[in-house]
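A quick write-up on the structure given underneath.
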Amino acid sequence: MVRVTEVARTKAELATALASLEGTSALVMTMGALHEGHLALVRAAREAADNVVVSIFVNPLQFGPDEDYEEYPRDLAADLALLGTVGVEAVYAPEAAEVYPREPLVRIDPGPVAALLEGKTRPTHFAGVLQVVHKVLNLVRPDMAFFGQKDAQQLALVRTMVADLDMPVEIRAVPIERDVDGLALSSRNSYLSATQRIEALALSQALVLGKDAAAHGLPAAGVREVALRYLAEAPGVRLDYLALVDPQTFQEIGPDEGAAPAVRSALLAVAAWVGPTRLIDNMEIELHG
Ligand code: PAF
């Protein structure tokens with residue numbers, strides 16, 4: 001178990017901690033406020049590598065000016081206690097001034113996929129995500145890094161960055177963790193009141209309805225329609241987007257894709273505000289015919 005005093009707060013401390021590790025290593029990057037979803041990533045990393053390194057850093061670059069950077073929950077002691085239940089070899093929890101001693105001049109351009117879906121509402125988000133992922137991958141130099149499928153667009157963009165910049169790391173995906181009632185686990189769920197938490201279930205329920213509709217043979221437009229109608233009537237939910245997209249390109253699946261295979265995988269993705277809290281969720285679905 002890692003105690004608070006053993007947490008690396010600086011690059012130098014991280015380098016010392018890493019130097020004592022032998023064998024393969026896996027990185028799990030987080031912004032803290034850890035929950036079972038993060039632990040699923042840590043467990044997957046634990047299975048795959050000799051050493052697990054976890055980073056905890058609320059990255060200012062990925063928050064827009066009106067977003068929740070200041071309010072984002074921070075509780076390092078609680079995070080370390082949770083990590084202790086799984087066991088990790090090193091934790092890197094720097095302050096913002098350590099990560100960004102000055103405004104970075106060289107930036108990662110995440111490319112066109114970053115302008116779609118999440119990027120429409122959060123135009124600078126993925127540039128900020130890739131900036132910090134690139135930096136932490138460079139510092140830790142793990143054999144593999146684990147990312148959750150809940151942030152499907154982030155995962156795809158990290159994979160693209162690693163491929164396009166020849167970064168020597170294997171990116172592995174871990175499925176979404178859900179509460180028993182279907183709500184996708186998120187650190188931002190802690191913002192929800194009891195009523196809002198119930199209202200938030202509409203997101204995963206809409207995705208399940210869409211998935212069922214696809215399983216019953218409805219085409220893309222029908223799947224979207226079923227999920228959209230459900231969300232339109234859901235109390236307390238203000239929709240940002242519901243999109244049925246190609247899981248690689250994040251382009252909307254059109255109504256008339258004649259040359260498409262008989263069964264094709266798609267991603268049904270949703271973002272919505274429940275009260276002031278913006279939540280996202282997604283589900284892989286199969287479209288028939
Ligand atoms: O998914 C997150 O929590 C963040 O975007 C990440 C990958 C830790 C980068 O700050």
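Only the coordinates and a few stated rules stand behind these numbers; no lab work does. All values derive from a computational prediction rather than experimental measurement. Positions of Cβ are generated from backbone atoms using ideal geometry, with glycine treated the same way; all protein chains shown enter the neighbour counts.
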Is it true that some residue in segment 160-181 is of a type in the set (A, V, I, L, M), within 23 Å of A206 (Cα to Cα), part of a strand (DSSP E or B) and within 15 Å of the ligand (Cβ to nearest atom)?
yes
Looking at segment 127-148, which of its residues are more than 11 Å from the ligand (Cβ to nearest atom) and either crowded, with 21+ Cβ neighbours inside 10 Å or under 19 Å from the mean Cα position of the chain (by Cα) (or both)?
A127, V140, P142, M144
Restricting segment 32-62 to residues that are part of a loop (DSSP other than H, G, I, E, B) and surrounded by fewer than 18 Cβ atoms within 10 Å (Cβ to Cβ), the one farthest from the ligand (Cβ to nearest atom) turns out to be D50
Cβ contacts < 8 Å: first residue in contact (Cβ under 8 Å) with a residue 60 or more places away in the chain, restricted to segment 52-81; second residue among the charged types (D, E, K, R) and surrounded by 15 or more Cβ atoms within 10 Å (Cβ to Cβ), any location; separation 6+ or different chain. Result?
V53/E89; G64/R122; D68/R188
Say whether the condition of being hydrophobic (A, V, I, L, M, F, W, C) and near the ligand (Cβ under 10 Å from one of its atoms) is met by at least one residue in segment 110-126.
yes
Looking at segment 230-237, is at least one residue closer than 23 Å to Q153 by Cα, out of contact with any Ser or Thr (no Cβ under 7 Å at 6 or more places or on another chain) and small (G, A, S)?
no
Filtered residue count, segment 156-193, keeping only those that are of a type outside the set (S, T, N, Q) and more than 24 Å from L82 (Cα to Cα):
14
Evaluation of Y69 against (1) touching a strand residue (DSSP E or B) at 6+ places or on another chain (Cβ under 9 Å); (2) within 16 Å of the ligand (Cβ to nearest atom) (one fails), failing number
(1)
